[in-house]
Amino acid sequence: MLELTKEPFFGFSLCMFSYIIGIKINQKTKSALANPMIIAAIIIIAVLAVFKIPLENFMIGADFVAMFLAPATAALAVSMYRQFDVIKKNWLPIVVGCVVGAVSAVVSIVVLCKFLNMPQDITASLVPKSITTAIASKLSEQLGGIVPITLAAVLVTGIFGAISSPYLIKLFKIDNPIASGLAIGASCHALGTSKAIEIGEIEGTLSGIAVGLCGLVTVFIAIFL
Amino acid sequence: MKLFKKTLILFVVCFISDIIAYFLPFPFPGSVLAMIITFLLLLSGLVKVRQIEPVSDFLVKNMAFVFLPSTVSIVSYLDVFQSILWQFLLICIVTTFITFVCTAYSVKLTVYLINKRKEKTENA
């Protein structure tokens, strides 16, 4: 019986089924903690554990889901293109913010990892943690990191950032919406952007721009790591 | 048929990006290259937003779905997590904080300098 879970349809359908449930629960609770993807992952892990299905069998179908990562990343370009006028108008602060953001993230992570005696593969997994998951997972792979650890770090960063950014703006008296928008996007990617949109329109737009651009700058920094 | 074409455009861009990434002298993620190429195609007008629009929006909106398999495989790394849990959380929180402050102040300074320069040229 267990052999049948090697059918690609098993893994793929399980992904879709649990993700739909995740979205349904998220729509009912409307909380950032009820993230559809986390709910879906918990359902899948539970199903695999209860029926004692090997992870490898699930992955045969799940790999087809992961294949859509590249086109989804490419599609991010459309949102960047729609904001092109805003980018042109504020190009200098945007470039400065994204470069400083990416550099400060990478440097602070590498230094802190060294300080805490983290092994090489953990450091490599954490370096891309401030950028969008799409780019972070590929970058982690490239640097020799463990992709699931990177995903967890990206998620923790995003949740912490989304909760704390309104307080950080007040605490450090960031009275400029361009500055707070870029800071949110650079430090806590798309999850932060969802909060930035709530704070204001300029904040949301600039945060979205910073997510894409910081990811790009980080990839270029990584070439020299 | 239309959805077919829109999906095809994105897939072909991804395939070409992977080929280019393979021949680059340094490691570079093909998916990021696909993002750059798509942006350039839109900017040059060779591809119009409407030619890929509903598919691209669907993919961006449901980006999290794509990460479901890797998130599930966290279960194979539970022992790694247990051994570094507090360092992991500390690094995530402290570096997010540092990145936020550095970015916010550098942009604040840049905007301030731009405005000052503008005032100077207006007064002159």
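The values are calculated or read from the model by the stated rules, or taken from the named source; none is laboratory data. Since the structure is predicted, the reported quantities are computational estimates derived from the model, not experimental observations. Neighbour counts run over all protein chains shown; Cβ positions are idealised from the backbone, glycine included. Remember, those area values only see protein heavy atoms, side chains included, never the ligands or the DNA or RNA. Shrake-Rupley method; radii C 1.70, N 1.55, O 1.52, S 1.80 Å.
Split chain A at each of the trypsin sites (Lys or Arg not before Pro) in a DSSP loop with at most 11 other beta carbon atoms within 10 Å, and the longest piece is A:53-172. Among B:91, B:114, B:37, the largest mean-square fluctuation in a Gaussian network model of chain B, built with springs joining Cα atoms closer than 10 Å, belongs to B:114. Based on the reciprocal of the average 1/r between different C-alpha atoms, the Kirkwood radius for the protein assembly as shown equals 20.9 Å. Note on the range A:1-160: the alpha carbon radius of gyration divided by the globular reference 2.2 N^0.38 Å gives 1.24. Once the C-beta distance of residue A:55 and residue A:89 is scaled by a Förster radius of 56 Å, the resulting FRET efficiency is 0.70 to the nearest 0.05. Which chymotrypsin sites (Phe, Trp or Tyr not before Pro) in the range A:1-64 pass both tests, a DSSP loop state and at most 10 other beta-carbon atoms within 10 Å? Counting only loop positions with at most 10 other Cβ atoms within 10 Å, the chymotrypsin sites (Phe, Trp or Tyr not before Pro) in the range A:1-64 are A:51.
In a reduced charge model with +1 at each Lys and Arg Cβ and -1 at each Asp and Glu Cβ, chain B shows a dipole moment near 580 debye about its Cα centre.
About its Cα centre, the dipole of the range A:46-129 is roughly 320 debye, where the only charges are +1 on Lys and Arg Cβ and -1 on Asp and Glu Cβ. As a check on your grasp of the helix formula, calculate [θ] at 222 nm for the protein assembly as shown: sum -39500 (n - 2.57) over DSSP H runs of n ≥ 4, divide by the residue count, round to the nearest 500. Here the helix-only value at 222 nm equals -27500 deg cm²/dmol. Applying both filters, DSSP loop and at most 12 other Cβ atoms within 10 Å, to the trypsin sites (Lys or Arg not before Pro) of the range B:39-95 gives B:48. The HN-Hα couplings worked out from phi for the range A:138-153 by the Karplus form 6.51 cos²θ - 1.76 cosθ + 1.60 (θ = phi - 60°) are 5, 5, 4, 4, 5, 7, x, x, 9, 4, x, 5, 4, 4, 4, 5 Hz, whole numbers, x standing for Gly and Pro.
Starting from a Cα-only point model with no solvent, please compute log10 I(q)/I(0) by Debye for the range B:1-66 at q = 0.15, 0.18, 0.26, 0.29 1/Å. Debye output, listed in q order: -0.50, -0.71, -1.20, -1.29. Coupling constants for the range B:109-123 follow from the phi torsions by the Karplus curve (6.51 cos²θ - 1.76 cosθ + 1.60, θ = phi - 60°), and in residue order they are 5, 4, 4, 4, 5, 4, 5, 5, 5, 4, 4, 4, 5, 5, 6 Hz; glycine and proline get x. Net length available on complete extension from residue B:113 to residue B:40 is 23.2 nm, with 0.36 nm assigned per residue and the Cα-Cα distance removed. Computed from label points 7 Å out along Cα-Cβ, the spacing between residue B:48 and residue A:17 is 4.3 nm.
Counting protein heavy atoms only, chain B has 70 percent of its accessible area on carbon and sulfur, 1.4 angstrom probe.
Based on the reciprocal of the average 1/r between different C-alpha atoms, the Kirkwood radius for chain B equals 19.4 Å. Taken over chain B, lysine pairs spaced eight or more positions apart, or on distinct chains, with alpha carbons under 25 Å apart number 10. For chain A, the Cβ-based charge dipole about the Cα centre amounts to some 420 debye (Lys, Arg positive; Asp, Glu negative; other atoms uncharged).
Points 7 angstrom from Cα along the Cβ direction at residue B:8 and residue B:121: gap in nanometres? According to this spin-label approximation, the distance is 4.9 nm.
Please name which of B:43, B:17, B:54 has its Cα lying farthest along the dipole of the range B:1-66 towards the positive end, using unit charges on Cβ (Lys, Arg +1; Asp, Glu -1) and the Cα centre as origin. Checking the options against the dipole of the range B:1-66, the answer is B:54. Positive-end ranking of A:122, B:87, A:80 along the dipole of the protein assembly as shown, with charges on Cβ about the Cα centre, is headed by A:80. Each residue of the range A:42-58 was assigned a 3J(HN,Hα) from its phi angle through the Karplus curve 6.51 cos²θ - 1.76 cosθ + 1.60 (θ = phi - 60°); the sequence is 5, 4, 4, 4, 5, 4, 4, 6, 5, 8, 6, 8, x, 4, 4, 5, 4 Hz, with glycine and proline shown as x.
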